Amino acid sequence: MPLPKKIKYLFLVFFLFLCIGAAGAFYYFILAELPDIASLKSYKPLESTIIYSSDGRVLGELFVERRIFIPEDSIPPLVKLAFVAIEDQRFYSHPGIDVIGILRALYKDILAGDIVEGGSTITQQLAKMLFLTPEKSILRKIKEAIISAQIEKKYTKDEILGIYINQVYFGARAYGIEAAAQAYFGKSTFELNLAEIALLAGMPKAPSSFSPFKNPKKAFLRRQIVLNKMYENGFITKEQMQSANAEPLPQKINPRRYNAPYFVEFLRSQLESKYNEDLYTSGLKVFSTIDFYMQNIAEEAIKNGISNVEKRTGAGVQAALIAMDLRTGHIKALVGGKDFWGSQFNRAISALRQPGSAFKPFVYAVALQNGMEVEDKILDSPISFKASGKQKIWSPKNYDNKYHGYVPLRTALALSLNTATVRLANSVGIDNIIEFIQRCGIERNLDPYLPLALGASEVTLLELTSAYSVFSTGRKVLPIFYEKIVSREGITLEEVLPSSEEVISPDITEKMKMLLRSVVEEGTAQRAKDLDRKVYGKTGTTNNFSDAWFIGFDDRLVVGVWVGRDNHTPIGQKETGASAALPIWIEFMKNIP
């Protein structure tokens, strides 16, 4: 029996309200899960931390995503137009969803029998990148459309395009246009020509497929398509298009900037404990103390020095160098080995080695503080001591097995006489020597036995070099590796100021300089007389020639050089501090401005 019309009408109304309610519930369900797009106002993409030298050169970048943010209003107009031409030609006219573009893409997909073109606008792509997962589903597309509409209501077209261009991935671990410009062309976005802009604009669709290094033919065709689109839209002239089409593709990637690698890696490890993930994502600017020019000279000196030693001894030799400003403690150059990319172990910072005779000046400084004078004499002759707690007898010998009787302190240090130095150490007391060494900044535990006077306890090159600052200025100067750290907003987060304290009086300082000058004028470091200024220092060699040192200074810098092998085997017969380390030191000091 047919239902009355009134019941049919009521049923239809009920069904309609049910559908509306279901649609409303579905819409509310989606809205409840959508993110707050107001966060775009405080948009802060993951951005690389840049480490600069003291003279403004880029030493390195630290990043999870290599990105250097460019404000929207600073992006060159031609860059914006290239992305609009290839990604979203109606970008400036649609409300976030391009119905015409969707229909056109659908038509081409049907003709091809496959998905050959997408209909997503730049706004939709941005919504997906920032707020959604990459899953392919109807629900995600609905969310994407709703978010896009909301973005378009709250932000200008140029704001949306600027965020997109800074966010999108270009391959080669480069996120954003600036990192891409540097990775592919070794230049800033502001220096890109039309051909370069077109190549980069075409890459986000498929960075690997359109890479000029992996698929140059596809990259060339993709660039051509971008240029044609720009021409069709009136963004460039036909002549500009043809000229850009004739430009060659880049031939090799420009790897991330990484100068002074041993220094950068050490600084990274130090800062990571302070800044954690922010070190790689917050766009910090770290202004280091490294002098770019000095650093290059140091690296060249190490390279040449190792090469010369290996010609005499065979391969496998390593070396390290540290240069520190005597007034501020700023580390101006640091080299931790022959080749960072072959071995990341930092021999300037981390290697514990015996300093040999380079330790002797600490003994003489204590003697001077106890009232002795530079010309006071000590006995240089064979001597023996019973080893503490053992039955063995320790009998130190001079390098050449020759002895000189009574000699002035100046001569004993200049000729690096072992027996005279041990007698002096025994006289002033090993505990007093250790206490002085610690006041100079070497705070690690040292063996309280007489062999310490001849450098038997291990130290690092950094420790020994910075401790020598006391002999030049009378003050312990703390090493500084960076001057300040600035946030991406330009706020100074941290500033490191020089710190020093007096260890020896000016009178003792001058006497120590006399002693260390005698090493250059008449002792083991006479090669350094070739320099055109007064320099001071001390060589160091271990018994089996496994470590060679020279630590010295002028009136501006204290510089330490170590040469050896990682496995502690001998460098080579008679490879002393004078023959292996000093030439590196001289080359560096001779060439710095």
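The values are calculated or read from the model by the stated rules, or taken from the named source; none is laboratory data. It should be emphasised that the depicted structure is a prediction, and the values quoted were computed from it without experimental measurement. Cβ sites come from the backbone with ideal geometry, for glycine too, and all protein chains shown count toward neighbours.
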For the stretch 473-492, check the following and say yes or no: at least one residue is touching a Lys or Arg at 6+ places or on another chain (Cβ under 9 Å) and assigned to a helix (DSSP H, G or I). yes
Can you spot a residue in the stretch 340-358 that is in a loop (DSSP other than H, G, I, E, B), basic (Lys, Arg), under 30 Å from ALA301 (Cα atoms) and modelled with pLDDT of 95 or more? yes
Within the stretch 416-459, residues being part of a helix (DSSP H, G or I) and not charged (D, E, K, R) number 22
With part of a strand (DSSP E or B) and of a type in the set (D, E, K, R) as the only criterion, which of LYS311, LYS332, LYS303 stands out? LYS332
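Rundown of residues vs (1) touching a strand residue (DSSP E or B) at 6+ places or on another chain (Cβ under 7 Å); (2) small (Gly, Ala, Ser); (3) farther than 30 Å from ILE349 by Cβ, yes/no style:
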position: GLN224; (1), (2), (3): no, no, yes
position: SER243; (1), (2), (3): no, yes, yes
position: GLU247; (1), (2), (3): no, no, yes
position: GLN251; (1), (2), (3): no, no, yes
position: ASN254; (1), (2), (3): no, no, no
position: ASN259; (1), (2), (3): yes, no, no
position: TYR280; (1), (2), (3): yes, no, no
position: THR289; (1), (2), (3): yes, no, no
Unmet requirement for GLN240, which otherwise passes all of (1) in contact (Cβ under 8 Å) with a residue 24 or more places away in the chain; (2) within 30 Å of VAL563 (Cα to Cα); (3) in a helix (DSSP H, G or I); (4) not aromatic (Phe, Trp, Tyr): (2)
Number of positions in the stretch 516-531 that are more than 34 Å from the chain's Cα centre (by Cα) and either under 30 Å from HIS568 (Cα atoms) or free of Cβ contacts under 8 Å to residues at least 24 places away in the same chain (or both): 10
If you check MET589 against the conditions, is it under 20 Å from ASN418 (Cα atoms) and not in a loop (DSSP other than H, G, I, E, B)? no
Looking at the structure I just gave you, is GLY523 crowded, with 16+ Cβ neighbours inside 10 Å and in contact with a Pro (Cβ under 6 Å, 6 or more places away or on another chain)? no
Suppose the filter is out of contact with any Pro (no Cβ under 9 Å at 6 or more places or on another chain), closer than 21 Å to SER269 by Cβ and either modelled with pLDDT of 95 or more or of a type in the set (Gly, Ala, Ser) (or both); does ALA333 pass it? yes
Under the condition of being within 21 Å of TYR275 (Cα to Cα) and at pLDDT 95 or above, which residue from the stretch 31-58 is surrounded by the fewest Cβ atoms within 10 Å (Cβ to Cβ)? TYR52
Is it the case that VAL335 is under 20 Å from the mean Cα position of the chain (by Cα), surrounded by 21 or more Cβ atoms within 10 Å (Cβ to Cβ) and β-branched (Val, Ile, Thr)? yes
Scan the stretch 207-222 and report the pairs whose first residue is free of Cβ contacts under 8 Å to residues at least 60 places away in the same chain and whose second residue is surrounded by 17 or more Cβ atoms within 10 Å (Cβ to Cβ) and assigned to a helix (DSSP H, G or I), with Cβ atoms within less than 6 Å and a gap of 6+ or a chain change. PHE210/ALA219; PHE210/ARG222; PRO212/ALA219
For the stretch 553-593, the count of residues that are touching a helix residue (DSSP H, G or I) at 6+ places or on another chain (Cβ under 8 Å) and basic (Lys, Arg) equals 1
Tally time: how many residues in the stretch 470-502 are closer than 30 Å to GLY552 by Cβ, surrounded by 14 or more Cβ atoms within 10 Å (Cβ to Cβ), touching a Gly at 6+ places or on another chain (Cβ under 7 Å) and of a type in the set (D, E, K, R)? 1
Here is a list of conditions, (1) surrounded by fewer than 21 Cβ atoms within 10 Å (Cβ to Cβ); (2) in contact with a strand residue (DSSP E or B) (Cβ under 9 Å, 6 or more places away or on another chain), and ARG353 meets all of them except one; can you say which number that is? (1)
Do the conditions hold for LYS513, that is, is it assigned by TED's automatic domain parsing to the domain that holds SER457, surrounded by fewer than 23 Cβ atoms within 10 Å (Cβ to Cβ) and assigned to a loop (DSSP other than H, G, I, E, B)? no
Restricting attention to the stretch 160-177, does a residue exist that is touching a Gly at 6+ places or on another chain (Cβ under 9 Å) and of a type in the set (S, T, N, Q)? yes
So which helices (runs of 4 or more DSSP H) are wholly in the stretch 95-203 and hold at least 3 residues that are within 28 Å of the chain's Cα centre (by Cα) and at pLDDT 80 or above? 157-167, 177-185
